[in-house]
1. For a paramagnetic label modelled at 7 Å from the Cα of Thr226 toward its Cβ, which residues of region 246-289 fall within the zone defined by backbone nitrogen distances under 17 Å?
2. Stretch His248-Thr124 to full length: gain in nm at 0.36 nm per residue minus the Cα-Cα span?
3. Taking Lys361 as the anchor, which lysines have their alpha carbon closer than 24 Å to its alpha carbon, excluding any fewer than eight residues away along the same chain?
4. Figure the gain on full extension for Ala349 and Val101 (residue separation times 0.36 nm, minus the Cα-Cα span) and round it to one decimal in nm.
5. Work out how much length Val111 to Arg86 would gain on full extension: take 0.36 nm times their residue separation and subtract the Cα-Cα distance, in nm to one decimal.
6. Given R₀ = 30 Å, FRET efficiency for Trp365-Asp143 by Cβ-Cβ distance, to 0.05?
7. Using only alpha carbon pairs under 8 Å that are at least six residues apart, calculate the relative contact order of the chain and give it in whole percent.
8. Going by average Cβ density within 10 Å per residue, which order do the peptides 177-184, 309-316 take, highest to lowest?
Amino acid sequence: MKTATIGSAMIDIITIVADNDIERISMTNAHNSFLLLEQGRKIDARNISTHVGGGAINAAVAHARLGHETTPTVKLGDDIEAQMVRELLKREGLSDGNLMVTDKAITGCSVIIASHDRNASIFTARGANCLVVDDDIHEGIFDGAQLLHIAPMSKESADAFPMICQRGRESGAFVVANPGERQINRRGEQFIETAKNIDLININRAEAECMLPVLLENSDHNNMRTIKFTERPERSLLTRGLIMDHTHCSLAGFMSLLMAAGPKWVLITDGTGGAYLSGEKGVYHCPIFKANVKGTAGAGDAFTSTFGAMLADGAEPEKALQLAAINSASVVEYVDTQSGLLDMEELEARFAKDGDILEVKFWPWQG
């Protein structure tokens with residue numbers, strides 16, 4: 001399958017700090033926790049390593065390892081870091097035909113500090129990733145692509161999101177969009193208007209809750225649907241629903257409203273709570289695949305890209321969810337975003353061995 005990805009390219013500098021050298025504080029009345037570094041102190045790191053990452057590159061590597069002929073579209077600076085990205089593309093067999101270069105900003109860079117539960121804090125300098133404009137998304141840019149994966153767009157580059165979706169639709173590709181929280185916060189109405197050109201939207205719970213008020217404000221509530229429970233469900237996001245300030249909506253209601261805007265599928269991930277998928281027939285849930293977590297960066301990219309690839313290739317939604325969970329679990333067993341990405345042969349082997357552990361539940365739409 002010919003695949004195109006678009007979004008960010010980053011140079012990730014990953015620092016692993018021993019738990020006793022960095023303090024973690026968790027909030028009592030909120031979900032936040034904080035890593036505290038002592039001011040003025042030189043802190044020993046267990047390891048510091050440098051990797052090429054970023055949403056579009058992570059997705060491109062995932063697709064390439066699944067056997068796709070893949071072309072990432074990213075904007076780089078005119079610097080030595082850009083050469084690191086080119087070398088990664090060569091190693092992974094990715095096309096460099098859609099690389100863009102600017103002398104107005106650096107290649108994106110991040111510093112990742114991981115400690116305690118390895119849910120890292122990340123400092124980012126997005127650089128050239130913020131400078132994608134409509135003129136860069138020229139007619140025919142995605143021609144030949146059967147699948148287009150749109151990773152989160154950085155800051156001003158999010159203004160090009162509608163054009164990207166339009167070009168994807170024009171090319172006849174299966175369009176997968178994974179917008180970031182800032183993109184939703186600042187351009188919510190634009191995103192919902194653009195949803196008519198998207199086949200699969202993937203967001204996490206926090207992003208869904210950010211989108212909730214603007215979706216309710218710009219939707220016909222007659223399109224809100226409920227699901228039919230055959231037994232009392234366990235306490236989960238499905239029973240809790242989505243909450244933003246004083247606004248509340250059931251998960252099924254939110255997903256059905258978003259589907260009414262155009263997408264055939266809506267995928268919402270909830271960390272250790274697994275993933276929820278809505279489609280024409282109803283809502284599915286897949287639990288996480290347990291792993292020895294060394295770092296969570298890249299887990300979402302792995303899940304989204306694997307699921308989108310499988311669905312676009314005709315897999316049943318249940319199996320697509322299971323394969324995505326297995327690949328995502330493999331990624332978190334490494335500190336970087338790509339070492340754990342599996343090829344198709346290994347992914348199928350792990351599915352044959354452990355797929356039964358991932359019980360996918362399904363609830364049909366009511367009425």
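The values are calculated or read from the model by the stated rules, or taken from the named source; none is laboratory data. The structure displayed is predicted, hence computed values, not measured ones. Cβ sites come from the backbone with ideal geometry, for glycine too, and all protein chains shown count toward neighbours. The accessibility values were calculated without ligands, DNA or RNA, using every heavy atom of the protein model including side chains. Shrake-Rupley method; radii C 1.70, N 1.55, O 1.52, S 1.80 Å.
1. 248-257, 282-283
2. Numbers: separation 124, 0.36 × 124 = 44.64 nm, distance 3.21 nm.
Value of the extension gain: 41.4 nm.
3. Lys361 reaches Lys228, Lys264, Lys281, Lys290, Lys319, Lys353.
4. Net length gain for the segment: 85.3 nm.
5. That works out to 7.0 nm of additional length.
6. Here the calculated transfer efficiency is 0.25.
7. Numbers: 790 pairs, mean separation 57.5, N = 367.
Rounded, it is 16 percent for the chain.
8. So the order, starting with the most tightly packed, is 177-184, 309-316.
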